[in-house]
Amino acid sequence: MDTVLALLFLASSTICVIGFLKPSWAGKATRGQVFKFYGLGAIAFLFLFAVFMNPVESSPDTSTVQAEQKPEVKAPIEQAPAITKPVAHEYQVIAEENTSMPGRERLRWRIVAPTALTQLDRAETAKAAAKDLQEKTGADFTHIFLEAAEFTAGFGNVLAIVTYAPDGCGVTGKDCTGKKWEVSASATQLTDTQMAVWKAWIDNREKFMPDGYVDEDRLKEFLAKKFDTTPDKITLPWVERDDIAQ
């Protein structure tokens, strides 16, 4: 619609200008007739054009629109990592030793707890065993070794070691510092293969002790054939413990 009105306005304006120069060219006798017919027509078309013209929508400020549309991003609230409370697992006593001295009853227990897998759970389990067994026996000094398995007892590489002296006087009864607990534990996770090699080593070591010492090279060759590997792959696991503050 606005295009038609614009064309009519241009046509009327053009004829009006021509008619003012020479009315006969516009088909009128006088300039007044030219103006009355074409001039007023041009004005009318201009008015209608202004009325029906499509309004030009102003482009909104891009940054404002984006700011309005962009969802508010809230900074994530930092949460402190959840602290898992250590758990004392069920344990089994596999050995007991009496290392008492005059005036000081000292007892040592070796235990296993297959479900205690984390470092802190192992420490907590060994502590629970120390307290339980001390209360049952009344020992002055309790020593707990948490073994990786029953067959590893006495061969080192224990998963946790705990000493407990209720009177705070240590192993001798004379070193009275007031410290009741000493705890160390390992986070080492032993694989089934490591445990199998370890057991095979212990089960067969006496076969390779001609002079009272283990011939490790021959033992490794023997076990390598058993596990279908090379001797350099036959190694005993290393269990490293850390002191656990009490």
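The values are calculated or read from the model by the stated rules, or taken from the named source; none is laboratory data. Source: prediction; values computed, not measured. Cβ coordinates were reconstructed from backbone atoms using ideal geometry, including for glycine residues, and neighbour counts include every protein chain displayed. For the accessible areas, the whole protein counts, side chains as well, though only heavy atoms, and no ligand, DNA or RNA atoms are used. Shrake-Rupley method; radii C 1.70, N 1.55, O 1.52, S 1.80 Å.
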Q) Given labels modelled 7 Å from the Cα in the Cβ direction, how far is it in nm from Asp217 to Thr193? A) 2.6
Q: With a point put 7 Å past each Cα toward its Cβ, work out how far Thr115 is from Glu150 in nm, to one decimal.
A: 1.8
Q.
Under 5 Å between amide hydrogens, which residues at least 5 positions from Glu105 or on another chain qualify, with H placed 1.01 Å from N in the peptide plane?
A. Asp140, Phe141
Q | Estimated inter-spin distance, Asp203 and Asp232, nm [label 7 Å along Cα→Cβ] | A | 2.7
**Q.** 5 angstrom amide H check on His89, placed H, neighbours 5+ away
**A.** Thr125
Q) Amide H of Ile94: which non-local residues (sequence gap of 5 or more, or other chain) have their own amide H closer than 5 Å, using H built in the peptide plane? A) Arg110, Ile111, Val112
**Q.** Charge context of Met209, other residues only, Cβ under 11 angstrom, K/R +1, D/E -1
**A.** -1
(Q) Given a 1.4 Å probe and heavy atoms of the protein chains only, how would you sort Arg104, Arg241, largest accessible area at the top? (A) Arg241, Arg104
Q: Could you state the accessible area per residue of the range 77-193 in Å², with a 1.4 Å probe and every protein chain left in place?
A: 56
Q | Accessible surface of the range 165-237, 1.4 Å probe, proportion on carbon and sulfur as whole % | A | 47
